[in-house]
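K.L.:
Okay, here's the structure, questions in a sec.
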Amino acid sequence: MFDRIFGEYLYKKGKLSQEQLGSIFEDENGVFVRLGVLAVSERFMTEEEASEINHMQSGSDRRFGDIAIEKGYLTPTQLDSLLKRQGNSFFHFLQAVINRGYYTLEQLDTFLGEYQKEMGFSNSEMDALVSGDVMRVVNVFLPHQDRLYGRLCGIAIRTFLRLIDPRAYIGRAYITNKFETDRFACQKSYGTHSIVVGFAGKSDALLAMARAFGGEEFENVDLDALDAVAEFANCVDGLFATEIYSEGVDVDMTPPQLYDHPVALKGQRFCIVPITSRDRQIEFIMALDTILKVEGIL
Amino acid sequence: MTRVLIIDDSRTSRRMLRDIVESLGYTVAGEASNGRDGVAKYEELSPDLVTMDVTMPVMDGITALQEIIERDPKAKIVMVTSSGQHHKIVDCIKSGASDYVIKPYDPAETGRVLKAVAER
């Protein structure tokens with residue numbers, strides 16, 4: 001997911017055009033990530049050291065990792081972690097940018113540092129972002145490290161990537177007590193915890209989501225299309241209920257609620273996670289152990 | 001040909017189930033969007049197999065399951081739920097459900113369960 005997030009950042013900063021970004025994403029799947037690119041971006045080696053090994057490789061058939069260990073630039077443990085990351089989409093993204101000749105690894109590393117500074121992320125948070133682990137990425141974007149919010153959000157985003165859009169990505173989530181939206185579909189559960197899981201957004205964003213999950217060409221975000229969105233929320237809620245059930249947490253789900261008109265969500269504290277899917281923004285709404293009221297806007 | 005009654009408040013879920021049912025070569029005898037209508041449709045249509053959502057308005061799936069089993073102890077009913085909470089599934093089976101499937105649907109697995117129950 002971080003390939004999409006960082007790509008969007010580079011686009012917004014004017015470093016890449018929309019066309020360049022599109023071509024990079026197209027290239028990603030077929031890219032072979034060089035170990036040197038990984039080692040430098042992980043700061044295990046300097047660019048000079050990687051170049052030196054690349055140069056040494058040109059005259060022999062020895063592997064990059066073997067030479068790096070021999071020269072003391074990498075430990076066997078570091079090499080092992082790099083090999084595991086060769087399938088990570090973020091590194092595919094970096095390699096595709098380099099292959100296209102848009103930027104060097106050093107320049108990308110600078111941009112990554114600027115991104116980190118701008119977002120105020122720690123080094124461990126950056127490690128989580130580039131890890132490719134959705135649960136770790138989600139926790140970086142949540143406003144606090146509440147265990148239940150993190151797990152619910154992780155399940156929702158993983159399921160969204162699996163069933164709606166594998167290229168979707170999230171932005172920084174926030175806590176609020178009021179939110180207005182054009183359309184809303186949600187499901188509430190009660191028991192050991194009260195849980196509200198919902199999706200909000202403008203018509204075109206929810207329409208794309210409804211079409212993807214429902215497998216139907218809905219023309220408008222009417223109650224039928226919102227039913228598909230709510231059914232997805234139901235699946236997320238159910239997966240979460242299943243996971244926490246093993247810890248003695250029991251909840252009863254209620255029928256989904258659909259709002260095909262503008263509404264205001266009001267509560268003490270609830271969490272909003274922006275999801276970008278197909279260039280449109282959807283808000284994933286989570287409310288745990290708090291009352292969330294939905295009021296129509298005239 | 002096996003005739004199936006689909007009881008689910010979600011239109012999307014009903015359509016997904018209809019696709020799975022038809023892919024097995026079965027026919028959809030009818031649909032209902034809550035437990036009360038589902039019980040009435042069961043009496044009217046006498047289907048060979050029922051899929052029953054657990055969470056529905058007006059009358060929930062477990063109550064509807066119990067009402068149908070009371071009238072027809074041999075009814076073949078597959079419960080549909082998004083939650084894998086074990087004790088709730090056990091409650092359904094104890095109330096007479098033949099089997100269950102968990103959403104989101106895996107068409108192959110859901111089809112396998114429906115076929116196994118229909119052929120009992």
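K.L.:
Read through the list (1) in contact (Cβ under 8 Å) with a residue 60 or more places away in the chain; (2) under 20 Å from A:Met119 (Cβ atoms), then give the number of the only condition that A:Arg100 fails.
P.N.:
So the condition that A:Arg100 fails would be (2).
K.L.:
Filter the range A:211-226 for residues that are open to solvent by 20 Å² or more (accessible area, probe 1.4 Å) and either facing chain B (nearest Cβ under 9 Å) or over 27 Å from A:Arg151 (Cα atoms) (or both) and give the result.
P.N.:
A:Phe213, A:Gly215, A:Glu216, A:Glu217, A:Glu219, A:Asn220, A:Asp222, A:Leu223, A:Asp224
K.L.:
What number goes with the only condition from (1) closer than 27 Å to B:Asn34 by Cβ; (2) surrounded by fewer than 18 Cβ atoms within 10 Å (Cβ to Cβ) that A:Val249 does not pass?
P.N.:
Result: A:Val249 fails condition (1) only.
K.L.:
Could you look through the range A:184-210, keep only residues that are touching a helix residue (DSSP H, G or I) at 6+ places or on another chain (Cβ under 8 Å) and free of Cβ contacts under 8 Å to residues at least 24 places away in the same chain, and pick out the one that is surrounded by the most Cβ atoms within 10 Å (Cβ to Cβ)?
P.N.:
Looking at residues that are touching a helix residue (DSSP H, G or I) at 6+ places or on another chain (Cβ under 8 Å) and free of Cβ contacts under 8 Å to residues at least 24 places away in the same chain, I get A:Ala210.
K.L.:
Something else: For residues that are open to solvent by 40 Å² or more (accessible area, probe 1.4 Å) and in contact (Cβ under 8 Å) with a residue 24 or more places away in the chain, tally how many sit in the range B:1-15.
P.N.:
Of the residues in the range B:1-15, 2 are open to solvent by 40 Å² or more (accessible area, probe 1.4 Å) and in contact (Cβ under 8 Å) with a residue 24 or more places away in the chain.
K.L.:
Among residues belonging to the range B:43-59 that are outside any strand (DSSP E or B) and among the aliphatic types (A, V, I, L, M), point out the one that is farthest from A:Tyr190 (Cα to Cα).
P.N.:
Checking each candidate, the answer is B:Leu45.
K.L.:
B:Ser82 versus (1) surrounded by 15 or more Cβ atoms within 10 Å (Cβ to Cβ); (2) away from every other protein chain (no Cβ under 12 Å): which is the lone unmet condition?
P.N.:
For B:Ser82, the failing item is (2).
K.L.:
Can you name every residue in the range B:30-79 that is aliphatic (A, V, I, L, M), farther than 24 Å from A:Asp252 by Cα and under 11 Å from the mean Cα position of the chain (by Cα)?
P.N.:
Listed by number, the residues that qualify are B:Leu49, B:Ala75.
K.L.:
With (1) within 14 Å of another protein chain (Cβ to nearest Cβ); (2) open to solvent by 50 Å² or more (accessible area, probe 1.4 Å) as the list, and B:Val54 as the residue in question, which single condition is left unmet?
P.N.:
(2)
K.L.:
Restricting the search to the range A:239-273, which residues are more than 30 Å from A:Ile297 (Cβ to Cβ) and in a helix (DSSP H, G or I)?
P.N.:
Those that are more than 30 Å from A:Ile297 (Cβ to Cβ) and in a helix (DSSP H, G or I): A:Leu239, A:Ala241, A:Thr242, A:Glu243, A:Ile244, A:Tyr245.
The values are calculated or read from the model by the stated rules, or taken from the named source; none is laboratory data. These numbers were taken from a predicted model, which means no experiment stands behind them. Virtual Cβ from ideal backbone geometry, glycine too; neighbours counted across all protein chains shown. These accessible areas exclude ligands, DNA and RNA; they are computed on the full protein's heavy atoms, side chains included. Shrake-Rupley method; radii C 1.70, N 1.55, O 1.52, S 1.80 Å.
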